[in-house]
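I have placed the structure first, in the form of structure tokens, so that the comments after it can refer back to it.
The values are calculated or read from the model by the stated rules, or taken from the named source; none is laboratory data. Predicted, not measured: the structure shown is a model, and the values here were computed from it. Neighbour counts run over all protein chains shown; Cβ positions are idealised from the backbone, glycine included. Quick note on the areas: whole protein, heavy atoms, side chains included, nothing else; ligands and nucleic acids left out. Shrake-Rupley method; radii C 1.70, N 1.55, O 1.52, S 1.80 Å.
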Amino acid sequence: MAFLRNIWYVGAWACEITRELTPRTLLGEPVLFYRKENGEVTAIGNRCPHRFAPLHLGKLVGDVVVCGYHGLKFDGTGSCV
């Protein structure tokens, strides 16, 4: 299916995003939402680049998502730290 890119789509209501990892599929892509310790909402890709393990099966430590399979850590920009 074709989607318009680079425009706004609603991914979740503000009240839905907490300190829990919240997976969604947007435009056919897996996305992971969570709220940082300072209250800011962030969204990153919901898969570890190593074997594409879903990150929502991991855990949130501070503001970093830890892959439950590999232990790789990702910050709020999706960069491996």
**Request:** State the extension gain, in nm to one decimal, for the chain segment bounded by TRP13 and THR25, taking 0.36 nm per residue of separation less the distance between their alpha-carbons.
**Result:** 2.9 nm
**Partnerless Cys - the chain, beta-carbon criterion under 4.7 Å** = CYS15, CYS80
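Express the carbon and sulfur contribution to the solvent-accessible surface of the chain as a percent, rounded to the nearest whole number, probe 1.4 angstrom.
Numbers: 3170 of 5570 Å².
That share works out to 57 percent.
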**Request:** Go through the stretch 40-57 residue by residue and turn each phi into a ³J(HN,Hα) via Karplus (6.51, -1.76, 1.60, θ = phi - 60°); whole Hz please, and just put x for glycine and proline.
**Result:** 5, 8, 10, 9, 9, x, 9, 7, 6, x, 8, 6, 6, 5, x, 5, 5, 7
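Just the accessible area per residue of the chain, please: how many Å² with a 1.4 Å probe?
I get 69 Å² per residue for the chain.
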**Asked** Put +1 on the Cβ of every Lys and Arg and -1 on every Asp and Glu Cβ in the chain; which of HIS70, THR22, LEU32 then has its Cα farthest towards the positive end of the dipole?
**Response** HIS70
**Prompt:** Roughly how many whole Å is it from the C-alpha centroid of the stretch 41-67 to that of the stretch 1-36?
**Reply:** 14 Å
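Taking 30 Å as R0, compute the FRET efficiency from the Cβ-Cβ separation of VAL81 and ASN6 and round it to 0.05.
Numbers: r = 27 Å, r/R0 = 0.89.
In this case the efficiency is close to 0.65.
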**Request:** Would you please classify the overall shape of the chain from the alpha carbon gyration tensor, given that a ≥ b ≥ c denote the square roots of the eigenvalues, rounded means a/c under 1.5, and beyond that prolate means a/b larger than b/c while oblate covers the rest?
**Result:** oblate
**Fill in**
Ordering 28-39, 7-18, 46-57 by per-residue average of other C-beta atoms within 10 angstrom, highest first, gives 46-57, 28-39, 7-18
